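Working notes, structure below.
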Amino acid sequence: MNPNRRSQRSRVLFLLVSAALVLPILAGTLLRASEERDAPPKEDSFYKYLSVFSEVLGLVRQSYVDEPDMSSLMAGALDGATDALDPFSVYVPADRLAGFDEAKNVGSRRSGLTLLKEHGVAYVVAVEKGSPGAGAGLKVGDIVAKLDGRSTHLMPLWEIGEILARPAGTHVAVEVIRLGEPVKLSFDLKPFAPPPPSLDVVKGAQVLRIPGFGPDTAAAVRAILSRGAEHSGAKLLIDLRGVAAGDPEAAYAVAELFAQGDLGQLAGRTGAIKSFTGNAAPIWRGKAVLLVDRGTLGASEVLATVLRQKMGAELVGERTFGHAGRLGSLDLSSGRLLYTDAFYTGPNKKPLRESLKPDVLVDERARTFLEKDAPIDDLILERGVHRLLGTEGETAKKAA
């Protein structure tokens with residue numbers, strides 16, 4: 001074997017071993033620091049983890065075959081630490097902050113995609129209707145293996161955001177893994193207008209669709225409910241599938257249209273930061289069923305939780321994503337750290353950091369033999385309609 005190639009392999013192996021040691025240690029350091037900051041020192045303390053991390057870092061500097069780039073090493077360590085916290089926490093190096101801020105302002109307005117990373121795996125969380133991403137055929141749950149021909153495994157989340165926020169007209173190539181098979185897709189970035197809230201009749205049921213939560217959402221839903229209230233028959237299907245965009249506080253404003261009194265709060269480490277209350281009488285009362293899936297995230301989980309706890313609304317579909325938090329930021333000399341510093345809650349004050357389990361679970365495992373070829377979205381809608389109208393028995397007879 002060529003000596004140079006053998007030496008190169010040795011260097012790569014050493015670097016991988018070093019990274020494997022450094023990243024978990026730093027992740028443990030940050031987690032322990034947050035959990036034990038106010039606790040008295042003990043043997044398994046923050047200082048123990050800091051000491052081990054410093055020792056490993058020193059050994060890497062002294063023993064690695066080449067002089068390591070300390071800024072790159074620390075950036076990789078911080079990426080690993082934030083990945084261990086949650087999919088939304090991220091570290092951005094100082095020299096990429098301008099691009100990160102620009103991409104953050106654009107968000108998903110040119111792609112319609114919400115992507116996250118966990119343990120090095122990038123995946124699609126939500127696809128907005130009418131967006132370039134939806135037109136290309138991307139689906140919730142797709143694992144994004146490559147973006148613009150590059151592997152996403154070592155690509156930080158902020159860089160993925162920059163690629164999806166490039167100027168309108170930019171062509172984006174995506175390779176995803178779907179049901180174990182690679183699928184190549186592509187689309188051009190361009191601005192698109194998300195559909196507004198709407199009320200339709202589907203299979204005899206009133207279906208309220210809320211595509212996102214912004215400052216005008218509550219007013220739009222109020223207008224819809226005011227016009228359609230006399231036709232609702234006191235039964236309403238609320239579609240929150242794939243809704244990951246929006247402000248959780250706007251979701252509380254929508255919840256006020258259905259419920260009164262204590263709706264929840266924004267809770268930090270030391271207690272409530274802000275409370276949300278419905279002061280006016282609800283404009284709609286009756287039976288409600290909410291459609292949810294893996295793309296139901298953040299603000300939509302807030303609304304689902306409030307309606308479930310305040311008015312007994314039922315959830316039909318897949319488990320939700322399980323995260324309705326607020327991102328805080330900390331500027332460092334080397335960059336910026338964004339981390340979840342508080343969680344939103346429902347009336348029971350429990351932080352929304354776990355998946356909501358539907359009352360009627362509809363997923364790949366719950367299919368019957370006769371439903372094996374039906375799209376999961378169609379099954380969720382059908383089960384939701386039958387749950388709302390109380391016609392589940394008729395469906396069971398047909399299946400038999």
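The values are calculated or read from the model by the stated rules, or taken from the named source; none is laboratory data. Please read all numbers here as calculations on a predicted model, not as lab measurements. Cβ atoms come from the backbone with ideal geometry, glycine included; neighbour counts cover every protein chain shown. Surface accessibility is based on the protein's heavy atoms, side chains included, excluding ligands, DNA and RNA. Shrake-Rupley method; radii C 1.70, N 1.55, O 1.52, S 1.80 Å.
Values for this structure:
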item	result
Under the Karplus curve 6.51 cos²θ - 1.76 cosθ + 1.60, θ = phi - 60°, whole-Hz ³J(HN,Hα) for region 353-364, x wherever Gly or Pro sits	10, 9, 4, 7, 8, x, 5, 10, 7, 10, 9, 4
Set of aspartates and glutamates with alpha-carbon distance to K310 below 13 Å, sequence-local pairs under 8 removed	E256, D262
Within region 100-133: backbone nitrogen closer than 18 Å to the H171 label point (7 Å, Cα to C-beta)	111, 132-133
Cβ-defined net charge surrounding D373, 15 Å radius [Lys, Arg +1; Asp, Glu -1]	-3
Highest-first arrangement of 268-277, 76-85, where packing means the average Cβ count within 10 Å	76-85, 268-277
Of all accessible heavy-atom area on region 173-239, the percent that carbon and sulfur account for (1.4 Å)	58
Of the trypsin sites (Lys or Arg not before Pro) in region 149-214, those whose Cβ has at most 11 other Cβ within 10 Å and which sit in DSSP loop	none
Label zone at D188 (point 7 Å along Cα-to-Cβ), backbone N below 14 Å, region 123-152	132-133, 136
Solvent-accessible surface ranking, highest first, for I376, I238 at 1.4 angstrom	I376, I238
Heavy-atom SASA rank of H386, H119, H153 (probe 1.4 Å, accessible area, largest first)	H119, H153, H386
Isotropically averaged projected area of region 232-327, using the convex hull of Cα atoms (one quarter of hull area), nm²	6.1
Probe 1.4 Å, protein heavy atoms only - accessible area per residue of region 285-342 in square angstrom	35
Ranking by accessible area, most exposed first, for Y339, Y64, Y91 with a 1.4 Å probe	Y339, Y64, Y91
Environment charge at K146 (Cβ cut-off 10 Å; Lys +1, Arg +1, Asp -1, Glu -1)	0
Global form of region 284-400, assessed from the alpha-carbon gyration tensor, a/c cut-off 1.5	oblate
